[in-house]
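Notes follow the structure.
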């Protein structure tokens, strides 16, 4: 499958779809108020982990864009517990938005996002990382999970 749309593009497509569909077709509400506001914790976690990871990319002067060849293997910060903390953060934001919206249909968007990242982007990025960093990346890959 081609990667014409960036991971951030997929994230925004799913977020807008989640919010739009929730207003256009409000399906069964599966989480009752005030419990739905717990979704804000997932959204906050997603923002924090994305900003943290992005700052590490800037600190080590390696490209964030998965289409560009990396120049540094980041293994600290959120990369200690996830090889893909930015995707984890985006998935957390989508899950949090689904929880806040309370609508059953909203929960398909974080699931599809995870599937798209898992199928299209992660294998591509992992092959690049392996070709650039070799055994150093393979060791890291065995030590740290893709998501959490």
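Where a number appears in this text, it was derived from the coordinates with a stated rule and is not lab data. Quick caveat: nothing in here was measured; it's all calculated off a predicted structure. So basically every Cβ, Gly included, is an ideal-geometry build from the backbone, and we count neighbours across all protein chains shown.
Say a paramagnetic label sat at a point 7 Å from the Cα of residue 119, along Cα to Cβ; which residues of the stretch 67-98 have their backbone N under 18 Å from it? Correct set: 91. When each of the peptides 115-125, 27-37 is scored by the mean number of other C-beta atoms lying within 10 Å of its residues, the order from highest to lowest reads 115-125, 27-37. What's the center-to-center distance, using Cα atoms, between the stretch 10-43 and the stretch 72-148 in Å? Taking the Cα centre of the stretch 72-148 as reference, the centre of the stretch 10-43 is 21 Å away. The angle between the Cα long axis of helix 39-59 and the longest principal axis of the Cα atoms of the chain comes to about 20 degrees, rounded to the nearest 10. Axis angle, to the nearest 10 degrees, between helix 122-133 and the longest C-alpha principal axis of the chain: 20 degrees.
Dividing the mean sequence gap of close Cα pairs (under 8 Å, 6+ apart) by how many residues the chain holds gives a relative contact order of 36 percent. What is the angle, in °, between the Cα long axis of helix 7-24 and the longest principal axis of the Cα atoms in the chain? Nearest 10 is fine, range 0 to 90. Taking the Cα atoms of the chain, the angle to 7-24 is about 0 degrees. Sorting the segments 92-104, 8-20 by their mean number of nearby beta carbons within 10 angstrom, highest to lowest, gives 92-104, 8-20.
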